[in-house]
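To start, the structure itself, in structure tokens.
The values are calculated or read from the model by the stated rules, or taken from the named source; none is laboratory data. Note that this is a predicted model, so its numbers are computed, not measured. All Cβ positions, even for glycine, are placed from backbone atoms using ideal geometry, and neighbour counts span all protein chains on display.
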Amino acid sequence: MSQYEVTLLLGSNLGDTKKNIETALHYIEKEFGPILRRSDILLTKPVEFASNNIFCNIVVLIKTQFSPIKLLNFIKKIEFDMGRIEDSSVTNAYLDRIIDIDIVLYGDLKFDCKTLNIPHKKHLYEREFSRNLLMSIKRH
């Protein structure tokens, strides 16, 4: 089976945010194997919604043979298992969250459906913090 390089962006702004990120990375490594590359952690203010809670963010590069939808389902399971109840794709609003994991890139694939858009255009073109994190793993 083919292996695809996938770029994920993780964010957390509730509880012990760094521990939340590390817990999610543990689940990802357990399922996919070693993380190929990871950015430094970046602390940022919330984007597109108001909150007093600062985000802890990281970008990682993994390899997977999962299809985009199967990968998304696995990611949603991690988020749910870690305590995330509300999903912005369902509520159409951003809220504070224990963990958020976005698929930013999936090899060279372009994929659009109701629940998933690859590449993730907001992270690639609109959000400066995301672009900085993405650039940091390309330099390694």
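Of the residues ILE85, ILE98, ILE69, which is modelled with pLDDT of 90 or more, part of a loop (DSSP other than H, G, I, E, B) and either in contact with a strand residue (DSSP E or B) (Cβ under 6 Å, 6 or more places away or on another chain) or not aromatic (Phe, Trp, Tyr) (or both)?
Numbers: ILE85 fails: modelled with pLDDT of 90 or more; ILE69 fails: part of a loop (DSSP other than H, G, I, E, B).
Criteria check complete, one pass: ILE98.
When restricted to residues that are within 16 Å of LYS63 (Cβ to Cβ), touching a residue at least 12 places away in the same chain (Cβ under 8 Å) and not in a helix (DSSP H, G or I), the range 1-36 contains 11. Return the only residue of ASN132, ASN117 being under 16 Å from LYS76 (Cα atoms), surrounded by 12 or more Cβ atoms within 10 Å (Cβ to Cβ) and out of contact with any Ser or Thr (no Cβ under 7 Å at 6 or more places or on another chain). Testing whether each residue is under 16 Å from LYS76 (Cα atoms), surrounded by 12 or more Cβ atoms within 10 Å (Cβ to Cβ) and out of contact with any Ser or Thr (no Cβ under 7 Å at 6 or more places or on another chain) leaves just ASN117.
Go through the range 117-140 and count every residue that is of a type in the set (A, V, I, L, M) and at pLDDT below 85. Break it down stepwise before answering.
Filtering the range 117-140 down to residues of a type in the set (A, V, I, L, M) leaves 118, 124, 133-135, 137.
In the following step, the residues that additionally are at pLDDT below 85 were identified as 124.
Qualifying residue count, the range 117-140: 1.
If we keep just the residues of the range 1-50 that are over 19 Å from PRO68 (Cβ atoms) and of a type in the set (Gly, Ala, Ser), which is surrounded by the fewest Cβ atoms within 10 Å (Cβ to Cβ)? Among them, the one singled out is ALA50.
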